[in-house]
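K.L.:
Structure below; questions to follow.
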Amino acid sequence: DRLWLTVPLAYGFAARVLTGPTLSPLGQLATRLVVPRLGGDPRPVSGAPKRLAQGMGLALSSTALVLGVVLGRRRAARLVLTVLLGAAGLEAFAGVCLACKLFPLLVRAGLVPDDACPDCANIWDRLHHAEREPRP
């Protein structure tokens, strides 16, 4: 079985939670090789929502690691990895970051302080303002 691959997967998420792409081999690959070759305009995203996304990836990959490798619950581990793959696929192929959508809701609900991400705290004002601006 290939569930041993959850070890480097969990490490990569942990590295990105702690240091961004600095200590993550996949983060380095993405920032140094893949993104520059794709071209196009950069789409900067606030760090706090991305860190939440990496934390969610860490939680899911670590859960799969414990379930599959430690406890031998391979089917449960694969189910957790399927959820992780679905979320990663949404971001990779559709540009939809689930954690980035969730973060402003957490701010609005008061579960995350406004100063954690000033851009996120004002998302509702920005959306309202964007609806009023004429499109080119």
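K.L.:
Using packing as a proxy for protection, rank 10-17, 74-81 so that the peptide with the highest average count of other Cβ atoms within 10 Å comes first.
P.N.:
On the way: 10-17: 20.4, 74-81: 16.4.
Ranking, from highest mean packing down: 10-17, 74-81.
K.L.:
If you don't mind, another one. Any chance you could look up the accessible area of residue 106 with a 1.4 Å probe, heavy atoms only, rounded to 10 Å²?
P.N.:
Its heavy atoms expose roughly 40 Å² to the probe.
K.L.:
Report the accessible area of residue 65, computed with a 1.4 Å probe over the heavy atoms of all protein chains in place, in Å² rounded to the nearest 10.
P.N.:
Using a 1.4 Å probe on the heavy atoms, I get roughly 40 Å².
K.L.:
As a test of reading the structure, rank 3, 58, 26, 98 by solvent-accessible area (1.4 Å probe, protein chains only), most first.
P.N.:
Values: 3 15, 58 50, 26 110, 98 85 Å².
From most exposed to least exposed: 26, 98, 58, 3.
The values are calculated or read from the model by the stated rules, or taken from the named source; none is laboratory data. Since this is a predicted model, take the numbers as computed values, not measurements. Glycine also receives a Cβ, built like all others from the backbone with ideal geometry; neighbour counts cover every protein chain displayed. Heavy atoms of the whole protein, side chains included, go into the accessibility calculation; ligands, DNA and RNA do not. Shrake-Rupley method; radii C 1.70, N 1.55, O 1.52, S 1.80 Å.
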